[in-house]
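Written out below as structure tokens is the structure these notes cover.
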Amino acid sequence: MNEISQQLVNGLALGAVYALIAIGYTMVYGVLRFINFAHGDVFMLGSFTGYYLAPQIAKWFPIPGWGGWVMVMAATMIVCAIIGIVIELLAYRPLRDRPKLTVLITAIGVSLLIEYTCQHKAFFGASQKAFPQLLPTGNFTIGGLSFNSTQFVVLSVTLVLLVALTFIVKKTRIGMAMRAVSHNSAAASLMGISNSFIISFTFGLGSALAGAGGVLYGMTYTGIDPLMGVNVGLKAFVAAVLGGIGNLPGAALGGLVLGVVETFAGGMSGVSTYRDGIAFAILIIILIFKPTGLLGSKQIEKV
Amino acid sequence: MPPIFKDPRLQLVAAILIAVIAGLGADQMNSYYRDVVIDIGIAIILAVSLNLINGHTGQFSLGHAGFMSVGAYISAMTTLALQKSMGIDILPWLFLPALIAGGLVAALAGLLVGVPSLRLRGDYLAIVTLGFGEIIRVIFQNVEAAGGASGLSGVPKLSGLAWTFGLAAVTVYVVGCLVKSTYGRGFIAVHDDEVAASSMGLNPTRYKVTAFVIGAFFAGIAGGLYSHHKTFISPQGFDFMKSFEVVVMVILGGMGRTGGVIVAAVVLTLLSEQLRSAAELRMILYALLIIVLMIARPQGLFNFERKRKPRTPVNS
């Protein structure tokens, strides 16, 4: 029993990272209707931003420590937001009115460009790096369950970010504009909403969350490398589809479900070697039986 | 050209004859160059077969390496088993059945992917095929009979010039004639407009699945040639990057242009051979090439057909 709850906590912590990235996929899909393949690499860049910024920030704020950690998180989120906006500006904006397939191929190109440039020895190098410790860690027990303090931080930060995101999307003017563009971009632009600005903002917001996910991932798993975004990104995409693409709570739910399922499968003997295939098996099953996802609503395609 | 030379069947026979004669002369060739030429032949089969799915039918598949790996493993396991039971002498004659067995199992895999594709479009399908390729890789990594993660070694070296280019000619012939046939026009109709195609009485699902099955079959053949050329295969060799290389060939050549795709397969194979010492640089170059191409010349680098002018509306 205890072991099961323990695995549940591990799964939720992994799922929280998936959720943060999945939201970026879902938001971009909402406004542009295409899968931003490079999103997983923004997550990777977030990890590396944290890795390189931490020693700099440590000059002013003690690391490991709460002040320094908050600064690293905030700086990484800002850097990633800028990266996301620049990617959209350079690669996707010139293709705004082209067929979706063209944009998709470009996105794959951007993703590979980031991965292989970062792997080059002039940049990060291909070897795995150890993520610095940002917070004092310890274990504590609640009701017989032992928590790792990092997992606790990961889950609470994810929760806070999700609440903040929901607030932005539901309660602010710019959030309303995002929803309008997602609903009908042509009508939104007739109402005086600048589509380009909203798309940039969406990319910035999603990339900031991916950057936060990158730092949290680094804190939990400590090893980071330039190709870490590939698998995590693909799984986060599966999570977004699982929850219903275009649906924000769905992406969060899908991420948590996927994290838990994967962690349990990884713990089972006989299944554990197939762990990396499980996400894709879930994806295929969900696309065959319920393509709108767990929380998605059915859309009728008009000609 | 006199009309008799335009008959595709004659062209096929001529191409196979040339391949066989070239294969007889290949023993005098420098073995390094011969290997590169065989690589080119395999790349042509892969690119032309993917072109049927991605180019002519417009279904974006990112799992071609998955089909290739099925063919590579099945045919390699078949020849290894035959070698064990029958001795080495008869092997060259059993190479073709082994290749076809690999192709057929790959076609079965293509059917399995094609069936979900009937509900999916565009980017979803791309992800599913990508995921499918990964699942195949994970399975081969775990099957002991296929050598597990360490791969399969000691595969007899049977793929010569004659086999490779003979089969490449067959691939080009089958795909080319299929697309030009009355039935095959349906692939292009599905590519251009699915809704319009189905309202004209075509069944888009059937065309999509057919494209996947045929494309996967030839990818399986290419995989069989590959495993009997390299004599060693491992699951890592058939990852997403391998699929992407083939996709780059198809895009570079111009989707749905068989001639351009063949040129792209030749050029890219030679290019990657030249850049062998700087493998990381090669992928950076590929990625940049794709991005620039999509923005500046989406119809493909080797596609010289002039763009059709958009019809101007009368009152505007």
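The values are calculated or read from the model by the stated rules, or taken from the named source; none is laboratory data. Treat the numbers as computed from the prediction; the structure is a model and nothing was measured. Note that we place each Cβ from the backbone using ideal geometry, even for glycine, and neighbour counts take in every protein chain shown.
Summary table below
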item	result
Search result, residues across region B:137-152 that are touching a Ser or Thr at 6+ places or on another chain (Cβ under 7 Å) and not in a helix (DSSP H, G or I)	B:151
Every pair of residues 6+ apart whose Cβ atoms lie under 8 Å, when the first sits in region B:281-302 and is facing chain A (nearest Cβ under 7 Å) and free of Cβ contacts under 8 Å to residues at least 12 places away in the same chain while the second is among the aromatic types (Phe, Trp, Tyr) and surrounded by 18 or more Cβ atoms within 10 Å (Cβ to Cβ)	B:284/A:116; B:287/A:116
Qualifying residue in region A:256-267 (condition: surrounded by fewer than 24 Cβ atoms within 10 Å (Cβ to Cβ), without any contact (Cβ under 8 Å) to a residue 24 or more places away in the chain and within 28 Å of residue A:7 (Cβ to Cβ))	yes
Test result for residue A:197, aromatic (Phe, Trp, Tyr), surrounded by fewer than 19 Cβ atoms within 10 Å (Cβ to Cβ) and assigned to a helix (DSSP H, G or I)	yes
Matching residues, region A:78-125, being in contact (Cβ under 8 Å) with a residue 12 or more places away in the chain and of a type in the set (D, E, K, R)	A:88, A:93, A:100, A:115
Failed item in (1) within 14 Å of another protein chain (Cβ to nearest Cβ); (2) of a type outside the set (Asp, Glu); (3) surrounded by fewer than 17 Cβ atoms within 10 Å (Cβ to Cβ), with residue B:145 passing the rest	(1)
Pairs where the first residue, in region A:237-252, is polar (S, T, N, Q) and the second is surrounded by fewer than 24 Cβ atoms within 10 Å (Cβ to Cβ), C-beta under 7 Å, 6+ apart	A:247/A:293; A:247/A:295; A:247/A:296
Residues that are over 26 Å from residue B:136 (Cβ atoms) and among the aliphatic types (A, V, I, L, M), drawn from region B:235-263	B:262, B:263
Evaluation of residue B:134 against (1) more than 14 Å from chain A (Cβ to nearest Cβ); (2) within 26 Å of residue B:43 (Cβ to Cβ); (3) in a helix (DSSP H, G or I); (4) charged (D, E, K, R) (one fails), failing number	(1)
Sole exception among (1) at pLDDT 90 or above; (2) surrounded by fewer than 21 Cβ atoms within 10 Å (Cβ to Cβ) for residue B:215, by number	(2)
Qualifying residue in region A:89-101 (condition: within 13 Å of another protein chain (Cβ to nearest Cβ), surrounded by 19 or more Cβ atoms within 10 Å (Cβ to Cβ) and not in a helix (DSSP H, G or I))	no
Considering residues of region A:255-291 that are of a type in the set (Val, Ile, Thr) and within 10 Å of chain B (Cβ to nearest Cβ) only, the residue farthest from residue B:112 (Cα to Cα)	A:273
Qualifying residue in region A:62-79 (condition: over 30 Å from residue B:58 (Cα atoms), within 14 Å of chain B (Cβ to nearest Cβ) and at pLDDT below 90)	no
Number of the exception - residue B:265 against (1) more than 10 Å from chain A (Cβ to nearest Cβ); (2) within 26 Å of residue A:92 (Cα to Cα); (3) under 17 Å from the mean Cα position of the chain (by Cα)	(2)
Residue pairs meeting the criteria (Cβ under 8 Å; at least 6 apart or on separate chains; first exposed (fewer than 12 other Cβ atoms within 10 Å of the Cβ), in region B:1-25; second modelled with pLDDT under 75)	B:10/B:4
Residue within region A:57-73 that is charged (D, E, K, R) and closer than 26 Å to residue A:174 by Cβ present	no
Among the residues listed as A:218, A:204, A:214, A:229, the single one being within 16 Å of residue A:111 (Cβ to Cβ) and more than 14 Å from chain B (Cβ to nearest Cβ)	A:214
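Table: residues versus (1) surrounded by fewer than 16 Cβ atoms within 10 Å (Cβ to Cβ); (2) within 14 Å of chain B (Cβ to nearest Cβ); (3) part of a helix (DSSP H, G or I).
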site: A:43; (1), (2), (3): no, no, yes
site: A:46; (1), (2), (3): no, no, yes
site: A:59; (1), (2), (3): yes, no, no
site: A:113; (1), (2), (3): no, yes, yes
